[in-house]
Amino acid sequence: MNRLNLIEQVNAHDQLATSDFVRLLPKTELHLHLEGSLEPELMFKLAARNNVVLPYATIEEVKAAYDFHNLQSFLDIYYQCADVLRTEQDFFDLTWAYLLECQRDGIVHVEPFFDPQTHTERGIDIGIVIKGITRALAQAEQELGISSGLILCFLRHLSEEQAIECLQQAKPYLEHFIGVGLDSSELGHPPGKFTRVFAQARELGLRAVAHAGEEGPADYIVDALDILKVDRIDHGVRCVEDEDLMTRLVADQITLTVCPLSNTRLKVFSHMSEHNILQLLDQDVAVMVNADDPAFFGGYLMQNFDALIEHLDMTRLQAVKLALNSITGSFMSAEQQQSHIEKLLHIAKA
Ligand code: ADE
Ligand code: ZN
């Protein structure tokens, strides 16, 4: 479809609020940490179920603690909260609660992250984690029509030897995940630290992604692409600091999984009105919208879109492009992507 037709068709939806229009669009979520979707209510429930003593007495106290000044200040609390996750049922409940939010937000496909080392370091078998998560993902495909592909993330503040051990532990469950990722403290832990484990993962036929250019410099994005050979970049908003990289991202249409509410809560941008996602989109960088850690940052996917509407005057055409990028940036088959694109264009036209 040519660009002008698309503009006319998208504008024909004037009677719908932009937010409702966006909710209707088929969208994927490609940057979501399951441990980051642990709502305080479920955290208290699991703490009681597993006899875990939390450092907070009330939900209000928890929410007051979620006042972050950078990535590390968030991660310290995030790892502490994950301690309530102990059994297969806990991982099922966590994942299922997230998938119900996906249904509400019009998400048709998810590629969520999980951090096995956060759990195995506490003595929990990786099989318990994977079985609980994948049972919920399978149920979502059956009951909610949401497809998925799970991504196993290595914690970059730990050593590469520990990441290699993690991949070894995960090998019996290879059929249950589609790729590996890299998260946790970015500064001081460049992608090159994980060269061998990413090569091993790719040899196993896994896809690869990495957080880069969230707090770290644009060089980390280049290294993730060149050394780790990732298929897409998580965050990547600091790409604007390197002109050659910008040219490459556009030419190769490399997907950046951007997380607006996360970036403002962790002070990557001082205010949503300063966020560069729509500038990147308008420069033809393949950005798309995600929630990252919704229970900690104030909202799920639609709340991220709503923030773009409120503070950046996002247009319907921009929303359609973001939704389109979320489909083409996924690891779905070409046929699956095509079917979602047809539905997306049909809604944009209606
Ligand atoms: N783990 C969970 N959320 C993260 C983020 N935004 N950056 C790095 N690691 C994370
Ligand atoms: Zn993230």
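The values are calculated or read from the model by the stated rules, or taken from the named source; none is laboratory data. Source: prediction; values computed, not measured. Neighbour counts are summed over all protein chains in view; Cβ atoms, including those assigned to glycine, are modelled from backbone coordinates with ideal geometry. Calculation scope for accessible area: heavy atoms of the full protein, side chains included, ligands and nucleic acids excluded. Shrake-Rupley method; radii C 1.70, N 1.55, O 1.52, S 1.80 Å.
If you scan the stretch 174-221, which residues turn out to be in contact with a Cys (Cβ under 9 Å, 6 or more places away or on another chain) and more than 16 Å from ligand 1 (Cβ to nearest atom)?
Val197, Ala218, listed by residue number.
If we keep just the residues of the stretch 199-216 that are under 20 Å from the mean Cα position of the chain (by Cα) and of a type outside the set (A, V, I, L, M, F, W, C), which is nearest to ligand 2 (Cβ to nearest atom)?
Selected residue: His211.
Condition check: assigned to a loop (DSSP other than H, G, I, E, B), of a type in the set (A, V, I, L, M) and either within 12 Å of ligand 1 (Cβ to nearest atom) or at pLDDT 95 or above (or both). Does Val268 satisfy that? So that I can check it myself, show each step before the final result.
Values: assigned to a loop (DSSP other than H, G, I, E, B): yes; of a type in the set (A, V, I, L, M): yes; either within 12 Å of ligand 1 (Cβ to nearest atom) or at pLDDT 95 or above (or both): yes.
Here the answer is yes, as Val268 does meet what is asked.
Given the criterion farther than 30 Å from Met43 by Cβ and surrounded by 23 or more Cβ atoms within 10 Å (Cβ to Cβ), identify the matching residue among Val287, Val258, Val320. First the steps, then the outcome.
Values: Val258 fails: farther than 30 Å from Met43 by Cβ; Val320 fails: surrounded by 23 or more Cβ atoms within 10 Å (Cβ to Cβ).
The unique qualifying residue is Val287.
Within the stretch 88-99, can one find any residue that is under 20 Å from the mean Cα position of the chain (by Cα), in a helix (DSSP H, G or I) and without any contact (Cβ under 8 Å) to a residue 12 or more places away in the chain?
Checked the stretch 88-99: no residue is under 20 Å from the mean Cα position of the chain (by Cα), in a helix (DSSP H, G or I) and without any contact (Cβ under 8 Å) to a residue 12 or more places away in the chain.
Of the numbered conditions (1) surrounded by fewer than 18 Cβ atoms within 10 Å (Cβ to Cβ); (2) under 25 Å from Ala224 (Cβ atoms); (3) away from ligand 1 (no atom under 15 Å from the Cβ), Ile126 satisfies every one except a single condition; which is it?
Only one criterion is unmet by Ile126, namely (1).
Has the stretch 315-328 got at least one residue that is within 16 Å of ligand 1 (Cβ to nearest atom), closer than 30 Å to Thr95 by Cα and small (Gly, Ala, Ser)?
no
I'd like the full set of residues that are part of a helix (DSSP H, G or I) and within 16 Å of ligand 2 (Cβ to nearest atom), limited to the stretch 59-74.
Passing the criteria: Leu71, Gln72, Ser73, Phe74.
Condition test on Leu245, is it touching a strand residue (DSSP E or B) at 6+ places or on another chain (Cβ under 6 Å) and away from ligand 2 (no atom under 16 Å from the Cβ)?
For Leu245, the condition - touching a strand residue (DSSP E or B) at 6+ places or on another chain (Cβ under 6 Å) and away from ligand 2 (no atom under 16 Å from the Cβ) - is not met.
Before we move on, is Gln253 in a helix (DSSP H, G or I), surrounded by fewer than 21 Cβ atoms within 10 Å (Cβ to Cβ) and touching a residue at least 24 places away in the same chain (Cβ under 8 Å)? Working first, answer last.
Numbers: in a helix (DSSP H, G or I): no; surrounded by fewer than 21 Cβ atoms within 10 Å (Cβ to Cβ): yes; touching a residue at least 24 places away in the same chain (Cβ under 8 Å): yes.
Answer is no for this residue.
How do the pairs read when you match residues in the stretch 323-350 that are under 22 Å from Ala291 (Cα atoms) with residues anywhere that are basic (Lys, Arg), using Cβ under 8 Å and keeping only pairs 6 or more apart or on different chains?
Filtered contacts from the stretch 323-350: Ala323/Lys27; Ser326/Lys27; Ile327/Lys27; Gly329/Arg232; Phe331/Arg207.
Cβ contacts < 6 Å: first residue more than 16 Å from ligand 2 (Cβ to nearest atom), restricted to the stretch 151-172; second residue not in a helix (DSSP H, G or I), any location; separation 6+ or different chain. Result?
Listed by first residue and then by second, the contacts come to Ala163/Phe154; Ala170/Leu152.
Condition first: farther than 30 Å from Gln162 by Cβ and in contact (Cβ under 8 Å) with a residue 12 or more places away in the chain. Now tell me which residues in the stretch 101-141 satisfy that.
The answer is Glu101, Cys102, Gln103, Arg104, Asp105, Gly106, Ile107, Val108, His109, Gln139, Ala140.
Can you tell me which condition Ser273 does not meet? The list is (1) within 16 Å of ligand 1 (Cβ to nearest atom); (2) in a helix (DSSP H, G or I); (3) touching a helix residue (DSSP H, G or I) at 6+ places or on another chain (Cβ under 6 Å), and all the others hold.
(1)
Residue by residue, here is whether (1) surrounded by 15 or more Cβ atoms within 10 Å (Cβ to Cβ); (2) under 28 Å from Gly213 (Cβ atoms) holds:
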site	(1), (2)
Gly132	yes, no
Gln142	no, no
Gln168	no, no
Tyr173	yes, no
His176	yes, no
Glu186	yes, yes
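Could you list, in sequence order, all residues of the stretch 284-331 that are in a loop (DSSP other than H, G, I, E, B) and either under 21 Å from Arg207 (Cβ atoms) or out of contact with any helix residue (DSSP H, G or I) (no Cβ under 7 Å at 6 or more places or on another chain) (or both)?
If the condition is that a residue be in a loop (DSSP other than H, G, I, E, B) and either under 21 Å from Arg207 (Cβ atoms) or out of contact with any helix residue (DSSP H, G or I) (no Cβ under 7 Å at 6 or more places or on another chain) (or both), then Val285, Ala286, Asn290, Ala291, Asp313, Thr315, Gly329, Ser330, Phe331 are the ones that fit.
Given the conditions (1) open to solvent by less than 20 Å² (accessible area, probe 1.4 Å); (2) under 30 Å from Ser326 (Cα atoms); (3) outside any helix (DSSP H, G or I), which single one is not true for Val108?
Unmet for Val108, out of (1) open to solvent by less than 20 Å² (accessible area, probe 1.4 Å); (2) under 30 Å from Ser326 (Cα atoms); (3) outside any helix (DSSP H, G or I): (1).
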